[in-house]
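The structure appears right after this line, and notes come after that.
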Amino acid sequence: MTWKEVFTSSVGKKLVMSFTGIFLILFLIVHAGLNACIWANDGGVMFNQGAHFMGANVVPRILEIGLFVGLFLHIIQGLMLEFSNRSKRGTDYAVSYSKGSKWYSRSMGLLGTIILIFLVIHLSDFWLPNRVHQGFLLGEEINLYDKMKEEFSELWVVIVYVAGCLSLGYHLAHGFQSAFRTIGVHNKRYNAIFSCVGYGYAIIIPLAFIMMPISFYFHWLN
Amino acid sequence: MEHKNINLTLKVWRQQSTVSKGEFVSYQVKEISQEMSFLEMFDVLNEQLILEDKEPIAFDHDCREGICGMCSMYIDGKPHGPWQANTTCQLHMRAFNDGDTITVEPWRAQAFPVLKDLVVDRTSFDRIIQAGGYVSVNTGNAVDGNSLPINKNDADASFAAAMCIGCGACVAACKNSSAMLFLSAKVSHLALLPQGDPERQSRVVNMVAQMDKEGFGACTNTGACEATCPKEISLSNIARLNQEYLLASFTASN
């Protein structure tokens, strides 16, 4: 079989979703970890140092290209699968079957689309102005801590971020476990671990992100 | 248990042929014993329709003891009706109350076109099996017990997968109309045993290719198939299929 046959089969397409999904899960740990520096309560000194390393060092900037490739693969493949899967029923049922599965496992396409919309807002809030300021190379950056403070002083921005992160949480609640099933983890003992870690991850990471705009909005930071 | 007769309203999907447009038609059935099976209730309704000079409702059935996989009704939003681990023929009318309205639909999937009323064409499953769901060589007579040692866990998992009766409820329940639970049961059943081992790679690759060709959707691990399966085929079979496919596709030399 050719590589094309592998990655265009239904199982191969799911493998792409799984590999890119796990890659994005790992990225979120780095993202949440660096952003957590805002809670150092030093007026953003430590946070800006971390942001400077990520934005002005050539290694993270090259890795950033890989991140976008992974992200686009996940989005495009996900949307294509969603549309293809939806077309397989033909005539819809008069009474739909909803008891056998969790609502968020059936709504991965919808949750993913909400996250995509949130991501466009999020990137145009922080990433894009910063890169424009840098001339898309390794130029001088804007003060991202001050930028966060300014953005998160508006209630509606905070609400949009909380909603985006909640969608992320539910997307991860199914996606984390599903990714490992897709790469073939069928051992009961390991599945129990992945299920447990998956739910934990889907709560902790989005909660950490949610607390960031809230911390700024309620002036919990010095 | 107390014996009761009940009256019901049935909303049944009627469709003359694959190409014609179908619709729901309501029927009243009276004095239905709660000890009847769901299909016996349909027999009573069909008798009534024949006496009224109307066309009886076409539905699939064969053994009526839950082992052949022919019956296929989507009852009140669940394949094979409200009971767990149960086929339509083994669903009994005590699952319903007097005055209930029951909606009965055929399996819905493009790969399962409606032939007539509640009968769908499931030969796509046969073609998936023909693509590799067998052992090519004649294995001869059954050998003496324990002359071919097989790990007990593997033997049990293989037997549990072999329980699949190929009814298609997994496809009917899946939001993507995916046949992965069926396929994974067939692949697991053979891959776990020494007789099926030599062909495990070509089997999984060919069967997945045939499943895609038939127009089934991709699996998103929601678990709806496992929840409705009359034989309780485990979702872990799908993960095993994924592993088989991953190994086959990354190690195959041609």
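Every read-out reported here was derived from the displayed coordinates using simple, explicitly stated rules and does not represent laboratory data. As the structure is a prediction and not an experimental result, all values here were calculated from the model. Backbone-built Cβ (ideal geometry, glycine too); neighbour counts: all protein chains shown.
Rounded to 0.05, the FRET efficiency of the B:A58 and B:K4 pair, given R0 = 30 Å and the Cβ-Cβ distance, is 0.55.
Within the same chain, aspartates and glutamates fewer than 8 places from B:K231 are excluded, and of the rest, those with a Cα less than 16 Å from its Cα are B:E65, B:D156. Distance between the C-alpha centres of the stretch A:1-40 and the stretch B:1-23: 47 Å, rounded to the whole angstrom. An oblate overall shape is assigned to the stretch B:5-115, the ratio a/c of its alpha-carbon gyration tensor axes (a ≥ b ≥ c) being 1.5 or greater and a/b not exceeding b/c.
May I ask you to list the residues of the stretch A:153-169 whose amide nitrogen lies under 14 Å from a point 7 Å from Cα along the Cα→beta-carbon direction of A:R86? Flagged as within label range: none.
Determine the shielding of peptide B:170-183 by partner chains: average, over its residues, the number of Cβ atoms on other chains within 10 angstrom of each Cβ. Mean partner-chain Cβ count within 10 Å for B:170-183: 4. Neighbour counts of C-beta atoms inside 10 Å place B:S37, A:S178 in the sequence B:S37, A:S178, starting with the fewest.
Annotated for the stretch B:5-115: lysine pairs at least 8 residues apart or interchain, Cα distance under 21 Å, count 6. Applying a DSSP loop filter and a limit of 14 other Cβ atoms within 10 Å to the GluC sites (Glu not before Pro) in the stretch B:16-45 leaves B:E35. Bridges between two residues of the protein assembly as shown, per DSSP, are antiparallel at a rate of about 75%.
Ordering A:24-35, B:82-93, B:143-154, B:4-15 by mean Cβ neighbour count within 10 Å, with the highest value first, yields B:82-93, B:4-15, A:24-35, B:143-154. Within the stretch A:68-141, the chymotrypsin sites (Phe, Trp or Tyr not before Pro) that combine a DSSP coil assignment with at most 12 other C-beta atoms in a 10 angstrom radius are A:F136. Legend: mean number of C-beta atoms from other chains within 10 angstrom of residue C-beta atoms, peptide A:2-10, equals 5.
Residues in the stretch A:113-121 carry Karplus couplings, in order, of 5, 4, 5, 4, 4, 4, 5, 4, 4 Hz; the curve used is 6.51 cos²θ - 1.76 cosθ + 1.60 with θ = phi - 60°, and Gly or Pro positions show x. Per residue of B:211-219, other chain Cβ atoms within 10 Å of the residue Cβ number 5 on average. Using only Cα atoms, locate the centre of the stretch A:114-139 and the centre of the stretch B:117-165, then give the distance between them in Å, rounded to an integer. Spelled out, the Cα-based centre of one part sits 54 Å from the other. Gyration tensor over the Cα atoms of the protein assembly as shown: the corresponding equivalent ellipsoid has semi-axes (square roots of 5 times the eigenvalues, largest first) of 50, 29, 19 Å.
Applying 1/(1 + (r/R0)^6) with r as the Cβ-Cβ distance of B:Q130 and A:I159 and R0 = 60 angstrom yields a FRET efficiency of 0.60. Put in line by how crowded their Cβ is, counting other Cβ atoms within 10 Å and starting with the fewest, B:L193, B:L115 read B:L115, B:L193. Ranked by how many other Cβ atoms sit within 10 Å of their own Cβ, fewest first, the residues A:H52, B:H189 fall in the order A:H52, B:H189.
Partners of B:K213 within straight-line reach, counting lysines whose Cα lies under 20 Å from its Cα and excluding those fewer than 8 residues away in the same chain: A:K4, A:K13, A:K14, A:K88, B:K175, B:K186. Computed from Cα positions, the angle between helix B:152-162 and the longest principal axis of chain B comes to roughly 40 degrees. Placing unit charges on the Cβ atoms only, positive for Lys and Arg and negative for Asp and Glu, gives chain B a dipole magnitude near 760 debye about its Cα centre.
For the stretch B:190-205 and the stretch B:32-60, compute the distance between their C-alpha centroids and round to whole Å. The two parts, judged by their Cα centres, are 44 Å apart. Note on B:K152: aspartates and glutamates with a C-alpha under 19 Å away, same-chain residues under 8 apart excluded, are B:D144, B:D197. Semi-axes of the equivalent ellipsoid for chain A, computed as √(5λ) from the eigenvalues of its C-alpha gyration tensor and ordered from largest down, come to 34, 21, 17 Å.
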